[in-house]
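Visitor: Input: one structure, supplied below.
Every number in this text was worked out from the coordinates using simple rules, so none of it is lab data. This is a predicted model, so every value here is computed, not measured. Here Cβ is always computed from backbone atoms with ideal geometry, including for glycine, and neighbour counts include all displayed protein chains.
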Amino acid sequence: MLICEAQAPGKLYLAGEYAVVNPGNPSLLMAVNRYVEARVSSSERWLVTSDQFSGSQVVVGGYVPDNLSFASAALEIARNYASKVSEREVCGHVHIDSHLQSDDGTKLGLGSSAAVCVAVVRAVLAAYGVQASPVTVFKLAATAHFLVQGNGSLGDVAASSMGGLVYYRSPDREWLRSFVDAHTAPAQGRASINTRTTPAVQHALDVDAGASGLHRSSDSKLAGSPDQFASATADFDYENSLYGTLSRLDTVALVEQAWPDLVIEQVSEAANLEIEVGWTGKPASTKALVKKAAKPVEPAKYQAFLHASARSVDALRALVSAPTGAAVRAPAGELASVVAELRAQLNELSALRDVPVETDELRRGIEIALAHGFAAKSSGAGGGDCLIALRVNPAALATDHNVTAYSHSLREAWLEAGITPLALSLSPAHTTAASSSDFSAEGEVYDA
């Protein structure tokens, strides 16, 4: 029986995507109206499955394949926190369904791993009847995401947790790592579960991949003979893994503690701001690009980049935000100038750190947008994925969100150039996480 379900939006960076990796540096993001959904159903034990990975399953305490690592980490930290603040006893099957990919399953660069963490945290808290602020959801989901990925600003987690338009300064992740180390109870030894008998392992042992003689594994690192896979999973030490760490972490202290340098603010979007998104069709590895950009080259020039980025991010925030129901009154040329500065800064960083931010496809899409009266730049780590185009429509009213002729023309031109327009808009802002009391016995969807 369905206990509850929750969703979390994907994200796009408007500005500050590389500078925000440095603690305290600002960025501006938008949560978009495509989501990851997490459903919790009654079960005799906690387990995780996903529509994307039909051959994979995680039983809590057992082996975790790479493709369910973010979801499993989010489940552990949410279960840990909820059990400390709720008297309810819960055991459930968490099933994940993501809509942040293209029709053929290719990633769009919308922060799917972050949205998975947020959706799972929300759903598990709801199953326990725990209502939590967006910042509490962020702290839990961000910790899980950071421990799995090992780098990144966590801005995508912030956007997914908050919804809407978000101004974000990243926390000190070295502090976070130290906090986790200092507030985690020691392991008591190996987990007692026999991972050889879990359905995921049995599936991997039973499915023949074909003429090659190899057997399919849900984890590409373990693809090989059944004996190799069984040996690797049997050797998995849950208690001393990051999942065991998250199950023993003092999550109440984690949530109550002020995080150094962290700033998350909801921003009211101006009613006459048009945002168009184009997808190159070529996915990029954010983790690899961020790691490459972090290499220490010419510190003085890098500091100049950080200062320039901060000024431009704050300027863009002032231009695209307004009190609810108001409209942007700044000249369109001012918006174009600020976005051009942000684009130039990313290209300077690209040359400084040898990071391929603006690919030929992104450059072509940006030039087309400029020719159609939009300000434009790459979004996120670059190297593929998406670009954004912004325009102030002075004729738009607060209640008029119809797509203008400019947008129609831009989309057609993008299509002709091999850029796919994505029908994305701002996701609504969140106030609290779902509670199981918000669901009927039939599993009514909570719309945050």
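Visitor: Give, as a single signed number, the net charge of other residues whose beta carbon lies under 13 Å from the beta carbon of T251, with Lys and Arg counted +1 and Asp and Glu -1. Let's see the in-between values first.
Guide: Numbers: positive: R79, K84, K139, R248; negative: E76, D250, E256.
Value of the local net charge: +1.
Visitor: Here's another thing I want to ask about it. What share of Cα pairs, in percent, lie more than 22 angstrom apart in region 10-148? Write out the running numbers ahead of the final one.
Guide: Numbers: 3632 of 9591 pairs.
Percent of Cα pairs beyond 22 Å in region 10-148: 38.
Visitor: Oh, and also: Per-residue counts of other Cβ atoms within 10 Å, averaged by peptide: what ranking do you get for 334-340, 347-353, highest first?
Guide: Working: 334-340: 19.1, 347-353: 17.1.
Descending packing order for the listed peptides: 334-340, 347-353.
Visitor: Can you pull out the GluC sites (Glu not before Pro) in region 71-156 whose DSSP state is coil and whose Cβ has at most 14 other Cβ atoms within 10 Å?
Guide: Numbers: sites: E76, E87, E89; in loops: E87, E89.
Filter output for region 71-156: E87, E89.
Visitor: What distance in nm separates the two pseudo spin-label positions at K282 and T404, each 7 Å out from Cα along the beta-carbon direction?
Guide: The modelled label-to-label distance comes out at 3.1 nm.
Visitor: Follow-up question, since we're still on this one. Using a basic spin-label model with each label point 7 Å from the Cα along Cα→Cβ, how many nm lie between Q101 and N67?
Guide: Taking the two extended label points, one gets 0.7 nm.
Visitor: So, one more: So for each of 113-123, 417-427, 150-160 I average, over its residues, the number of other beta carbons within 10 Å; can you give me the resulting order with the highest mean first? It would help to have the intermediate numbers written out before the result.
Guide: Details: 113-123: 31.9, 417-427: 17.5, 150-160: 27.0.
Highest-to-lowest ranking by the protection proxy: 113-123, 150-160, 417-427.
Visitor: Next question. Please compute the length gained on full extension between N347 and H183, using 0.36 nm multiplied by the number of residues separating them and subtracting their Cα-Cα distance.
Guide: Working: separation 164, 0.36 × 164 = 59.04 nm, distance 4.09 nm.
Full extension from N347 to H183 adds 55.0 nm.
Visitor: What full-extension length gain, to one decimal in nm, is calculated for R45 and E87 as 0.36 nm per residue of separation minus the Cα-Cα distance?
Guide: On the way: separation 42, 0.36 × 42 = 15.12 nm, distance 1.79 nm.
Full-extension gain reported as 13.3 nm.
Visitor: From the cross-link list K139/K282; K11/K301; K139/K377; K11/K282, which pairs have alpha carbons spaced over 24 Å apart? All intermediate terms of the calculation are to be shown ahead of the outcome.
Guide: On the way: K139/K282 31 Å; K11/K301 29 Å; K139/K377 30 Å; K11/K282 17 Å.
Table pairs above 24 Å Cα-Cα are K139/K282; K11/K301; K139/K377.
Visitor: Provide the descending list of Cα extents for region 57-100 along its principal axes, expressed in whole angstroms.
Guide: Answer, in whole Å and largest first: 32, 26, 15 Å.
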